[in-house]
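Below is one structure, written out as structure tokens, with a few remarks after it.
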Amino acid sequence: ANPTDTPPLRLDHEVREIQSGLLRSGPRSFHLRQDWAVRPRDVRRALLEHRPRVVHFCGHGTGDEGLILEDDSGTSQLVSTGAIAGLFDHVKCVVLNACFSDSQARAIAQHVDYVIGMSREIGDHAAIEFAIGFYDAVAAGKPYDVAFMFGCNAIELAGLAEHSTPVLIPKTSAPPTPPVTFTGSPGPVRSKGDGLFIKSLRTLNASGWSTSGVMKRLEQLDYDNVAGLDRFAGRKKAAELLKD
């Protein structure tokens, strides 16, 4: 997307170079589907119709505010990060070849294995060089994280100082869920990060808990929350929960 009220970009040149790289894939088969002057509904329809493994967006970004698509009159329409992130349920890699798109990339990385964004403004020349290097490597059978390095290297080989602008965000770097704390004697057992976790009995023992203490604590929690719980059933349930 390159709305009429935004600086002109050589998007046609970028797509031509991507297609040229994919055509050199030999026995590997790639199909490039193009959608131009995309409005928000066009993005949704294209993803539903083509179900691509890779989505490449070229155009303008605005940082935390979102990506710039077009409205019905051809002028800018801002699409929020949240709206964009929920569209890529079956995609393996997303490339946001747009300025300041790393915040959108991090949001999308909650749903997609690999997402590439730009940490700052990137010039037309550097953006095209990155696309050439990345898709040449993809066509050669390289995994997406390795292809990313080829893309950055292509910028550097072209004598441009923007080779550190692209950022690769794997799915594991998506924002974690809030921490969960399990409290009780001898004190809280808290995750070292921010993620939801499960402690094994061996780990709890290493933290200073006794096996009988854990069993009694879980059994008491059962009694506190379920009126009339059978004592044997409660102990059996606790044992299952603590099974390593």
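For the range 45-136, the relative contact order comes to 27 percent (Cα pairs under 8 Å, sequence separation of at least 6). Sequence-ordered 3J(HN,Hα) estimates for the range 153-169 from the Karplus curve with 6.51, -1.76 and 1.60 and θ = phi - 60° stand at 5, 5, 5, 5, 5, 7, x, 9, 8, 9, 5, 9, 6, x, 10, 9, 10 Hz, glycine and proline given as x.
Using 0.36 nm per residue and subtracting the Cα-Cα separation, the extra length available between D145 and L23 on full extension is 41.8 nm. Once you reduce the range 1-36 and the range 88-108 to the center of their Cα atoms, the two points are 17 Å from each other. When every Cα-Cα distance of the range 1-108 is counted in 5 angstrom steps from zero, the calculated P(r) takes the values 2, 12, 22, 25, 21, 12, 5, 2, 0 percent.
Every Cα-Cα pair of the range 56-159 was included, and the share exceeding 20 Å stands at 39 percent. Distance between the 7 Å Cα→Cβ label points at H31 and R16: 2.5 nm.
With the highest mean first, a sort of the peptides 82-92, 149-159 on other beta-carbon atoms found within 10 angstrom per residue produces 149-159, 82-92.
Dipole check for the range 1-132: with +1 at the C-beta of Lys and Arg, -1 at the C-beta of Asp and Glu, and the Cα centre as origin, the magnitude is about 640 Debye.
Think of each Lys and Arg Cβ as +1 and each Asp and Glu Cβ as -1; about the Cα centre, that makes the dipole of the range 56-136 roughly 260 debye. In angstrom, the C-alpha Rg and Dmax of the range 107-158 are 11.4, 33. Whole-Hz Karplus values for the range 95-106 come out as 10, 9, 8, 8, 4, 6, 9, 5, 5, 5, 4, 5 Hz, taken residue by residue from phi with 6.51 cos²θ - 1.76 cosθ + 1.60 and θ = phi - 60°; glycine and proline positions read x. Peptides 72-78, 111-117 ranked from most to least packed by the mean count of surrounding Cβ atoms within 10 Å: 111-117, 72-78.
Every number here is computed from the coordinates shown, using simple stated rules; none is lab data. The shown structure was predicted, so the numbers you read here are calculated from the model rather than taken from an experiment. When we count neighbours, we look across all protein chains shown, and the Cβ atoms used for this are built from the backbone with ideal geometry, even at glycine.
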